[in-house]
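What follows draws every value from the coordinates through simple rules; no lab data is involved. What you see is a predicted model, and the numbers here were worked out from it, not measured in a lab. Cβ: placed from backbone, ideal geometry, glycine included. Neighbour counts: every protein chain shown.
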């Protein structure tokens, strides 16, 4: 039962999520935090922070960790398989068909039309993280870390791993 | 020994590929086209274009497909495992240690401090997706679709899967005749 839920929680985001790994994040959040309540918003944020600080695709890192957290190695296997196998099988099985339609306006339209939905879900998630942080760390810490992170990431294109490490150091020293 | 070459090539991609799937494409190209010459430049571009017609992470579709093409089923498995497994293990170990000491005050502080950073990253992605969306569909259509979808999902509680499936089906089935009218926008 838990395996079936894990399968669905990762199969659905990955079969509708056009736009690569990042597009899948808010869809996975809707399942893992919203629908099944396996994680709190804070735990999801921590997973995402570490996921962004490490290399390799974000979708499989999240699936592997959440699956393991909920149901051990078997859970990790189910969640990662649900993430990787369906679209890979489609690609291997329908290659000729996809090749003929790769420039079709309808196919282009599919990923274009999904983008605004993903964008609003990402915006909602951003707002959720803001409220969560105001709630747990207060306005002053949220403001300091948020502004510092925005400057480091957007202005100086600093590597996410260093920004996360900086926040960890700040949290260890000043929030406790 | 194609399988072991595939494994090492995609292990390098997985360990050096920071910033999620789309950022890893140039690394895949460097291994597959430049170093090992498994695909030509045009073939690589085709595989990428085909991968983008499908949902799901691009960074596992490409290794899976290229692995299959070069080394059959075992090549496919070797390539996918090489890309994803090392960092899944790293996540489980690091977050496992972190959760065990969650009650220690300064560790809890670390967990809290990371939320605003994730907020900024998610804000950046939001902007990125909305910007790409307005470039393709225009401001008005993007904003309208976003507001309607947001209302359905967060106000009426419709599962995002239904909303997106409906959009995908409409995009696929609706005829594409009135191109000239939309071109003026």
Expressed in whole Å with the largest first, what are the equivalent ellipsoid semi-axes of chain A derived from the C-alpha gyration tensor as the square root of 5 times each eigenvalue? 32, 21, 15
Within the stretch B:38-56, the residues whose backbone N lies under 13 Å from a label point placed 7 Å from the Cα of residue B:2 along the Cα-to-Cβ direction are B:38-39
Relative contact order (%) - criterion: Cα under 8 Å, at least six apart; region: the stretch B:1-98: 37
Distance histogram for the stretch B:96-185 (every C-alpha pair counted, 10 angstrom bins, percent rounded to whole numbers): 13, 27, 27, 18, 10, 5, 1
Give the angle, between 0 and 90 degrees and rounded to the nearest 10, that separates the Cα long axis of helix A:2-16 from the longest principal axis of the Cα atoms of chain A. 80
The protein assembly as shown - Debye-derived log10 I(q)/I(0), Cα point model, q = 0.08, 0.09, 0.12 Å⁻¹: -0.39, -0.49, -0.89
Round to a whole angstrom and tell me the spacing of the C-alpha centers of the stretch B:10-82 and the stretch B:134-155. 32
Counting alpha carbon pairs within less than 8 Å and at least 6 residues apart, what relative contact order, in whole percent, applies to chain A? 25
Taking the 0 to 90 degree range and rounding to the nearest ten, how far is the long axis of helix A:58-93 tilted relative to the main principal axis of chain A, both from C-alpha atoms? 40
Using only DSSP helix segments of four residues or longer, with each worth -39500 (n - 2.57), what per-residue ellipticity at 222 nm results for chain A after dividing by its residue count and rounding to 500? -27500 deg cm²/dmol
In peptide B:67-77, how many Cβ atoms from other protein chains are near each Cβ within 10 Å, on average? 1
For chain B, shape from the Cα gyration tensor axes a ≥ b ≥ c, cut at a/c of 1.5 then a/b versus b/c, turns out oblate
Here the whole-number average of other chain Cβ atoms within 10 Å per Cβ of A:91-98 is 5
What ranking do B:18, B:130 get, fewest neighbouring Cβ atoms within 10 angstrom at the top? B:18, B:130
Projected area, mean over directions - the stretch B:2-100, Cα convex hull, nm²: 6.5
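May I ask you to sort A:5, A:29, A:132, B:42 by Cβ crowding, counting other Cβ atoms within 10 Å and putting the fewest first? Show your work: numbers first, answer last.
Details: A:5 17, A:29 26, A:132 21, B:42 9.
Ordered by Cβ neighbours within 10 Å, fewest first: B:42, A:5, A:132, A:29.
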Taking every alpha carbon pair in the stretch B:22-76 and sorting the distances into 10 angstrom bins from 0 up to the bin holding the longest one, the percent per bin comes out as 25, 62, 13
Tell me the Kirkwood radius of the stretch A:17-113: reciprocal of the mean inverse pair distance over distinct alpha-carbon atoms, in Å. 14.8
Under the definition of Cα pairs under 8 Å and six or more residues apart, what whole-number percent is the relative contact order of chain B? 18
How far is helix A:105-150 tilted off the main Cα axis of chain A, in degrees rounded to 10, range 0 to 90? 20
